[in-house]
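Shown next, in structure tokens, is the structure this report addresses.
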Amino acid sequence: MAAPLRLLSRLTVVTGGGSGIGRAVCQRFAAEGASVVVADVNEDSANETLQSLPRDYRGQKHSVVGVEVSSKESVERMVTTIQRGYFQPPSVCVSAAGITRDEFLLKMEEGDFDRVVQVNLKGTFLLTQAVSRALVASGSPKGSIITVGSIVGKVGNIGQVNYSASKAGVEGLTRTAAKELSRFGIRCNCVLPGFITTPMTEKVPEKVINMITSMIPLGRLGQPAEVADACAFLASDDSRYITGVSIEVTGGLFIG
Ligand code: NAP
């Protein structure tokens, strides 16, 4: 089934666009007519995403920008580069860059706690701040900011004290940003994936995946494209009266 064209002429930026969920979001946004900036620390994989993007609509222009989301300087440089290249700030951004460094609480190194929080939580803060500042300064700030949390930020997960804390933080950040930015016409919402088949979950041992799968009411792991579907809805005017919410994309895992 062809994607609807809800994002025609929209400029979008997706961090973590080189892999997994971020790549699927780039592909979905491009299929809906958006111009997509694929942003990632890994420029080779970002370029692979770029090659996969459809360019079917007039004025549609995709590009790659290298970014280290935990660095304020790098994130600000990325937004400046986008504005120079497109003569406008992105009106949709998705913070899909993220990492795991799993270990039990009793054994976790401070450095692994800090790094996960820096990339997942601080990276989301820096992107949200830089994009919303650029939008407000542009004088036509209507925008949609989409953050990527995780269901484990709500329910916790053994071995992920750093990751679940960072993702709970992303939800709180998103709700607060929604309250502060709605007066400028900028909406902020969060998607909470459950367990999605990507390079990130390839690291999870098979027996753990089997155990999790048995707990998912829909009976399978999710696909990155299924998270991208929720992001496209939140990016588009179909969600114009929705801000400050979290949408669980989990196949029903941990309902209630
Ligand atoms: P993924 O396939 O590992 O993709 C993450 C991408 O982000 C990679 O291209 C990675 O580059 C990039 N990245 C990592 N650190 C970065 C940094 N400091 N600056 C810029 N880019 C960076 O992971 P995914 O599964 O698609 O996850 C995407 C998002 O969804 C993450 O926020 C993750 O926490 C969240 N999520 C995933 C799941 C799941 O089941 N997969 C569930 C809940 C939430 P490298 O490959 O070079 O590191």
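Give the dimensionless ratio obtained when the Cα radius of gyration of the chain is divided by 2.2 N^0.38 Å.
Dividing the Cα radius of gyration by 2.2 N^0.38 Å gives 0.95.
Using the Cα centre of the chain as origin and beta-carbon charges of +1 (Lys, Arg) and -1 (Asp, Glu), tell me which of 161, 241, 224 is placed farthest towards the positive end of the dipole.
In the chain, that residue is 241.
With the full set of protein chains in place, find how many percent of the accessible area of the chain is carbon and sulfur; take the probe as 1.4 Å.
Carbon and sulfur together cover 54 percent of it.
Among 145, 21, 242, determine the one that fluctuates most according to a GNM of the chain built with springs between C-alpha atoms less than 10 Å apart.
Fluctuation is largest for 242.
Along the Cα→Cβ direction, 7 angstrom out, place labels at residue 80 and residue 47. What is the inter-label distance in nm?
Those two pseudo-labels are separated by 2.4 nm.
Starting from the Cα of residue 203, draw a straight line to each of the lysines and keep only those under 23 Å, dropping any in the same chain fewer than 8 residues away.
Residue 203 reaches 107, 154, 167.
Give the accessible surface of segment 11-249 per residue, rounded to a whole number of Å², with probe radius 1.4 Å and ligands, DNA and RNA excluded.
Value returned for segment 11-249: 46 Å² of accessible area per residue.
How large is the Kirkwood hydrodynamic radius of segment 105-251, counting all unique pairs of alpha carbons, in Å?
Here the Kirkwood hydrodynamic radius works out to 16.3 Å.
Please work out, to two decimal places, the log10 of the ratio I(q)/I(0) at q = 0.13, 0.14, 0.18 Å⁻¹ from a Debye calculation in which every Cα of segment 1-149 carries one identical scatterer.
-0.55, -0.63, -0.99
For segment 1-89, what is the Kirkwood estimate of the hydrodynamic radius, computed as the reciprocal of the mean inverse distance between distinct Cα atoms, to one decimal in Å?
Computed over Cα pairs of segment 1-89, the Kirkwood hydrodynamic radius comes out at 12.8 Å.
Please list, ordered by chain and number, the residues whose modelled amide H lies under 5 Å from the amide H of residue 186; skip anything fewer than 5 residues away on the same chain.
So residue 186 has HN proximity to 143.
Applying the Karplus parametrisation 6.51 cos²θ - 1.76 cosθ + 1.60 with θ = phi - 60° to the phi angles of segment 99-107, what ³J(HN,Hα) value in whole Hz is obtained for each residue in order, glycine and proline being reported as x?
9, 10, 9, 6, 5, 5, 3, 5, 10
Tabulate in residue order the Karplus-calculated ³J(HN,Hα) for segment 8-16, using 6.51 cos²θ - 1.76 cosθ + 1.60 with θ = phi - 60°, rounded to whole Hz; enter x for Gly and Pro.
Once θ is set to phi - 60°, the couplings for segment 8-16 become 4, 6, 8, 9, 10, 10, 10, 7, x Hz.
Suppose only helical runs count, i.e. DSSP H with n ≥ 4. What mean residue ellipticity at 222 nm does that imply for the chain under -39500 (n - 2.57) per run, divided by all residues and rounded to the nearest 500 deg cm²/dmol?
-13000 deg cm²/dmol
Using the Karplus curve 6.51 cos²θ - 1.76 cosθ + 1.60 with θ = phi - 60°, work out ³J(HN,Hα) for each residue of segment 188-202 in order, rounded to whole Hz, and write x for Gly and Pro.
Result, rounded to whole Hz: 9, 9, 10, 9, 10, x, x, 10, 10, 6, 8, x, 5, 7, 4.
Using a 10 Å cut-off on Cβ atoms, rank the peptides 12-20, 149-157, 105-113 from the highest mean neighbour count down.
12-20, 149-157, 105-113
The values are calculated or read from the model by the stated rules, or taken from the named source; none is laboratory data. What you see is a predicted model; the values in this text were computed from it and never measured. Note that we place each Cβ from the backbone using ideal geometry, even for glycine, and neighbour counts take in every protein chain shown. Just the protein is used for accessible areas: all its heavy atoms, side chains included, with ligands, DNA and RNA removed. Shrake-Rupley method; radii C 1.70, N 1.55, O 1.52, S 1.80 Å.
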